[in-house]
Amino acid sequence: MNKKVIFSSVLMGLSTLQSVSVSAESTTHDTRLPNFEVGASTGLLSSEQFYGLDVTINMPVTDMITTQFLVNSDYFVANSSKDDYSQSEVVGNAFLRSNAGRVGAGLGYKERKPGDEALAKESSTALSFYGDLYFGDFTVGLSETEYEEDIDTFSGQTISLAYYLDPNRQMFLRKEKMNRNDIMVVGVNLQPEKFSNHASINLSFETGDEHFYIGLGISYFFDTAITLKQRDRNYH
């Protein structure tokens, strides 16, 4: 996707958010500070094993302004130690929100370390831009991430569509750029009420050129017991 189109879309989203700021300020919900979550995932990436551990702290300032701090760690276990790697990413984000959607920006640092000690690690700072629009039970989103240095396992542009079957069940479709290739992702997010809205399950399938992934993720949310739809639109 052309970068000018992405940034123009983000600016249009910002304009939309500003136009409905009065109604957003008048809409209140139970906001607890902070909202903390931890997630773990596992899966098969092109027949190899892949594990992830993510920690997110959502820190709302007001109903319209929220901040977010993420620590993401991934581990890829291949048949050969030369192909093994681990990578970690630290990101700080800030968002402007309303009933119509959100826009945001973030600054992060990513490091990739090969399993073979003879190979050099890769690292880079990254600047990200986000924009989402809400249409009832649909969410249309896009993001753009620019890395200062080239990293082998980077993700640059993302376009996504999500639909809520009900407040605690979501289906999603996403196209993203990974390793310079286009990857299609389809999956579901479930937040069973029997867990008192404090845990969710994610199942996803990814496919692309020489890329296939099946993953299962589990997240636990501290402090804030709200529906999946409210969590996505108020915090994430």
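The values are calculated or read from the model by the stated rules, or taken from the named source; none is laboratory data. Note that the coordinates shown come from a computational prediction; the quantities given were computed from them, not determined experimentally. Positions of Cβ are generated from backbone atoms using ideal geometry, with glycine treated the same way; all protein chains shown enter the neighbour counts. What goes into the accessible areas is simple: the full protein's heavy atoms, side chains included, and nothing from ligands, DNA or RNA. Shrake-Rupley method; radii C 1.70, N 1.55, O 1.52, S 1.80 Å.
Within segment 116-125, identify whether any single residue is open to solvent by less than 50 Å² (accessible area, probe 1.4 Å), touching a Phe, Trp or Tyr at 6+ places or on another chain (Cβ under 8 Å) and of a type in the set (D, E, K, R), and answer yes or no.
So far as segment 116-125 goes, no, none of its residues is open to solvent by less than 50 Å² (accessible area, probe 1.4 Å), touching a Phe, Trp or Tyr at 6+ places or on another chain (Cβ under 8 Å) and of a type in the set (D, E, K, R).
From Tyr235, Tyr213, Tyr163, grab the single residue that is in contact with a Leu (Cβ under 6 Å, 6 or more places away or on another chain) and either at pLDDT 90 or above or open to solvent by less than 60 Å² (accessible area, probe 1.4 Å) (or both).
Numbers: Tyr235 fails: in contact with a Leu (Cβ under 6 Å, 6 or more places away or on another chain); Tyr163 fails: in contact with a Leu (Cβ under 6 Å, 6 or more places away or on another chain).
The conditions single out Tyr213.
What number of residues within segment 90-149 are without any contact (Cβ under 8 Å) to a residue 12 or more places away in the chain and on the phi < 0 side of the Ramachandran plot?
Final tally of qualifying residues: 5.
So Leu11 passes all but one of these: (1) at pLDDT below 50; (2) open to solvent by 40 Å² or more (accessible area, probe 1.4 Å); (3) assigned to a helix (DSSP H, G or I); (4) touching a strand residue (DSSP E or B) at 6+ places or on another chain (Cβ under 8 Å). Which condition number does it fail?
Every condition holds for Leu11 apart from (4).
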